[in-house]
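The values are calculated or read from the model by the stated rules, or taken from the named source; none is laboratory data. Bear in mind that the values here come from a model prediction, so they are computed numbers and not experimental data. Here the Cβ positions follow ideal geometry from the backbone for every residue, glycine too, while neighbour counts run over all protein chains shown.
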Amino acid sequence: MKAIKYPTLKETLYFEEMPNGLKVYLLPKAGFSKTYGLFSTRFGSIDTTFVPLHEEKMLKVPDGIAHFLEHKMFEMQDGDASEAFAKLGASTNAFTSSSRTAYLFSTTSHEKECISLLLDFVQDIYLTDENVEKEKGIINQEIGMYDDDPDWRCYFGSIQNLYQNHPVKIDIAGTVETVASINKATLEKCYHTFYHPSNMMLFVVGNIDAHETMNLIRENQQQKHFSLENPIQRAIVDEPLDVDQKEAILHMDVTMPKMIVSMKINDILTKPQERLKRELAMNLLLDIFFAKSSTLYDEWLNEELINDSFSAQFIQERDYCFLQIGGDTLYPERLKEKIFYFIEHIQEYDIHQNDFLRLKKKTMGILISLFNSPESIANMFSRYYFEGIMIFDLIDCLDSLTIEDLISLRKLFDLQYTSSYTILPQNE
């Protein structure tokens, strides 16, 4: 077991790779009553074309299958994992994103039993034709719920505007049609390919003893047998530079219009530290221009173009990258024109050193405070880990940023790769 010290945050992270390839990270937090465990696999909604374990040809699986598999994992042959955690006084959950699936627990007691249960239910699968068919109705209800959610439709519609071929344009849950085509055999292929220990990471933070906990995990893994590691081959997406469509409008049962301007960034970085630097710098840049303390926010608020729902965010994942700016607005066309103008003329907008230093300190404070929350630590760790980044490096990377780093990002703003998605009341 290796101990990795991070003097800046006064933290010690313990790491060990199991013989089966599972990477285990432990972060003891003295004085914390809560323990949080997160078991993640690098398998998300965009992983729809790959070579299955022990096969040679690429397979295209139905959209939404990673999310479907997440639902089925909690069903065990002798019960339900959620009920088993509840009996231990713990809560459990799971989520699927575009690039990963994660299973988690939170507890203030029975930490060892919870860790063993987390490993056991995720590292086993119980599927029957009957329980797979039954799940389809549940997932279709979830899809219908999101279809009726204007905020989700606007958010996801803005992404669909950008991408022509990339699977990020497909809803994480898939569609009613793709869910209907999912079967037991395909789910098992996905499970054995992507839930191999070598493609997974376990992170536990909180009220734990690192040596006792690592011994527990070692013993747990020694009792299980897995196929030899087979490096996963994912299809490379051929995504054109241009956006799929420049504008889309949807009418829904809303009282106020919603509008998001999205901008596709085609310059995809591959080196982890460069990606982290760009993400931190871009978030600072968006804060300078669009945070509630900014001149533009105040100007647009006084013109009644925006309200508290307005936001600007930068999304950077494995092989795609984009910006989203917008929110609820009484005047979607006017707001769209303002945002388009900003993108086209961003070189003319000043970035002041005082604003940069102030927001940098603010971001630093937020990051440091997150390390007081086991949930925040675990979720951040999982997200950045699969990007090749340790979250403890965020502080030093942020501290090293200069105003020139932000200025250099302005070249990424290009109206050619920009699109708008608007939701209007049904009577408009």
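Note on the stretch 92-135: residues that are surrounded by fewer than 19 Cβ atoms within 10 Å (Cβ to Cβ) and either among the aromatic types (Phe, Trp, Tyr) or over 23 Å from Gly174 (Cβ atoms) (or both) amount to 10.
Can you say whether Thr41 is more than 17 Å from the chain's Cα centre (by Cα) and closer than 16 Å to Pro231 by Cα, as far as the supplied structure shows? Against the criterion (more than 17 Å from the chain's Cα centre (by Cα) and closer than 16 Å to Pro231 by Cα), Thr41 does not qualify.
Residues in the stretch 217-228: is at least one at pLDDT below 95, crowded, with 16+ Cβ neighbours inside 10 Å and in the same structural domain as Gly137 (by TED's automatic domain parsing)? Checked against the condition, which is being at pLDDT below 95, crowded, with 16+ Cβ neighbours inside 10 Å and in the same structural domain as Gly137 (by TED's automatic domain parsing), the stretch 217-228 yields at least one hit. Among the residues of the stretch 85-144 satisfying the criterion of being among the aromatic types (Phe, Trp, Tyr) and under 21 Å from Ala185 (Cα atoms), which is farthest from the chain's Cα centre (by Cα)? The residue in question is Tyr126.
Quick grid of which residues meet (1) free of Cβ contacts under 8 Å to residues at least 24 places away in the same chain; (2) more than 26 Å from the chain's Cα centre (by Cα); (3) surrounded by 13 or more Cβ atoms within 10 Å (Cβ to Cβ):
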| site | (1), (2), (3) |
| --- | --- |
| Lys336 | no, yes, yes |
| Ile339 | no, no, yes |
| Glu348 | yes, yes, no |
| Leu359 | no, no, yes |
| Met364 | no, no, yes |
| Ile377 | no, no, yes |
| Phe381 | no, no, yes |
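Residues of the stretch 42-51 that are buried (at least 20 other Cβ atoms within 10 Å of the Cβ) and either of a type in the set (Val, Ile, Thr) or farther than 20 Å from Ser98 by Cβ (or both): Ile46, Thr48. How many residues, within the stretch 193-210, are under 18 Å from Glu113 (Cα atoms) and either surrounded by fewer than 21 Cβ atoms within 10 Å (Cβ to Cβ) or among the acidic types (Asp, Glu) (or both)? Here the count works out to 3. Total residues in the stretch 272-328 satisfying the condition of being of a type in the set (A, V, I, L, M), in a helix (DSSP H, G or I) and touching a Gly at 6+ places or on another chain (Cβ under 8 Å): the figure is 0.
Being closer than 28 Å to Pro150 by Cα and modelled with pLDDT under 95, is that true of even one residue in the stretch 280-289? There is no residue in the stretch 280-289 that is closer than 28 Å to Pro150 by Cα and modelled with pLDDT under 95. Restricting attention to the stretch 284-327 and to residues that are under 13 Å from Ser262 (Cα atoms) and β-branched (Val, Ile, Thr), the residue that is nearest to the chain's Cα centre (by Cα) turns out to be Ile315. Just so you know, in the stretch 146-182 the residues that are aromatic (Phe, Trp, Tyr) and under 17 Å from the mean Cα position of the chain (by Cα) include one that is farthest from Leu241 (Cα to Cα), and it is Trp152. Taken together, the residues in the stretch 164-211 that are of a type in the set (Asp, Glu), touching a residue at least 40 places away in the same chain (Cβ under 8 Å) and not in a loop (DSSP other than H, G, I, E, B) amount to 1. Scanning the stretch 259-275 for residues that are closer than 12 Å to Arg318 by Cα and hydrophobic (A, V, I, L, M, F, W, C), we see that the one that is surrounded by the most Cβ atoms within 10 Å (Cβ to Cβ) is Leu269. Among the residues of the stretch 307-319, at least one is closer than 26 Å to Asp242 by Cα, among the aliphatic types (A, V, I, L, M), modelled with pLDDT of 95 or more and buried (at least 18 other Cβ atoms within 10 Å of the Cβ).
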